[in-house]
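Please read the structure below before turning to the comments.
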Protein chains: 2
Amino acid sequence: MLRREYDTQFCSIARALEVLGERWSLLILRDVMLGVRRFDDLVTNLGITRSVLTARLDFLIAEGVLKRDLYQEHPPRYEYRATEKGRQLWPVLMHLMQWGDEHYPAPGGPPRIAAHADCGGHPDAQLRCDRCGEPMGIRNTRVSSGRKS
Amino acid sequence: MLRREYDTQFCSIARALEVLGERWSLLILRDVMLGVRRFDDLVTNLGITRSVLTARLDFLIAEGVLKRDLYQEHPPRYEYRATEKGRQLWPVLMHLMQWGDEHYPAPGGPPRIAAHADCGGHPDAQLRCDRCGEPMGIRNTRVSSGRKS
């Protein structure tokens, strides 16, 4: 547990980790940005308890990282989406993915493949397309399963 | 606590967070990469207990993220350095710093300023120098205190 005195330390990394430094937060954000947006689907996909997920979602909404949209009125059903503030964390997730792919390779190859929507190239170390050179952000990147089905 | 079944999920982000997903890990790595390399200095700078720091350092060394160098023989004194694998997490820290600077601004301005060693420009959203366009990595970035002393 990070001591609260840490709040007074002058560091933007520390302040960012006050919001994100519990790994569920980044995994929830990953799921939501990759299209897993409903509570029950998040429970299933993450293997998280409903109470922990509720607490983390409430916190991320309070911090403005996620928002909750009503997608059905009777009965009310919500889905979760990343705000612009949340979407700005896309590079953090992509760099973590690259690092995991390189240093903790999965036996069957990369679990997910990020590709440039326009030309199909892949992100280099600066998250630019290795084929056409364009910066790859959340809007022009498609992430698909790397597994053969 | 992340359930161990998570190990079986196919996701490089999840695997990366198994190593890093405790915020001390990224804060220790930040300190070491910014030049705080000795055990006592890390204790002071992080406000972490000695036992927790020892456990986290041992774990990060076992994972090959940090290494321990003897810098004095009598009595033996060690300092901690990032390995190449650890240094590859530099973009994660820089993106977290940018995000923290933007969304959790410190009252007196950014606590730390990253500047391109060659021309003094600052990293843009793709971590390229906003003055000359060169990619800014750990080797050509200088981080200094943004506070007036």
(Q) Checking A:Gly133 against (1) surrounded by 19 or more Cβ atoms within 10 Å (Cβ to Cβ); (2) farther than 26 Å from A:Val19 by Cβ, only one condition comes out false. Which one? (A) (1)
(Q) Give me the residue from segment B:119-133 that is part of a strand (DSSP E or B) and without any contact (Cβ under 8 Å) to a residue 24 or more places away in the chain and, out of that set, nearest to the other protein chains (Cβ to nearest Cβ). (A) B:Arg128
Q: Only residues that are at pLDDT below 85, closer than 20 Å to A:Asn45 by Cα and facing chain A (nearest Cβ under 7 Å): list them for segment B:16-29, please.
A: B:Gly21
Q: State the number of residues belonging to segment A:63-118 that are buried (at least 17 other Cβ atoms within 10 Å of the Cβ), acidic (Asp, Glu) and in a strand (DSSP E or B).
A: 1
Q. Under the condition of being in contact with a helix residue (DSSP H, G or I) (Cβ under 9 Å, 6 or more places away or on another chain), within 13 Å of another protein chain (Cβ to nearest Cβ) and polar (S, T, N, Q), which residue from segment A:36-56 is surrounded by the fewest Cβ atoms within 10 Å (Cβ to Cβ)?
A. A:Thr49
Q. Which one of the conditions (1) hydrophobic (A, V, I, L, M, F, W, C); (2) in contact (Cβ under 8 Å) with a residue 12 or more places away in the chain; (3) within 14 Å of chain B (Cβ to nearest Cβ) does A:Phe59 fail to meet, given that it meets all the rest?
A. (3)
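How many of the residues in segment A:72-88 are at pLDDT below 95 and either hydroxyl-bearing (Ser, Thr, Tyr) or under 10 Å from the mean Cα position of the chain (by Cα) (or both)? Before you say what the answer is, go through the steps one by one.
As a first pass, look at segment A:72-88 and keep what is at pLDDT below 95: A:72-78.
Add one more test, that the residue is either hydroxyl-bearing (Ser, Thr, Tyr) or under 10 Å from the mean Cα position of the chain (by Cα) (or both), and what stays is A:78.
Residues meeting the conditions: 1.
The values are calculated or read from the model by the stated rules, or taken from the named source; none is laboratory data. All values reported here derive from a predicted model rather than from experimental measurement. Glycine also receives a Cβ, built like all others from the backbone with ideal geometry; neighbour counts cover every protein chain displayed.
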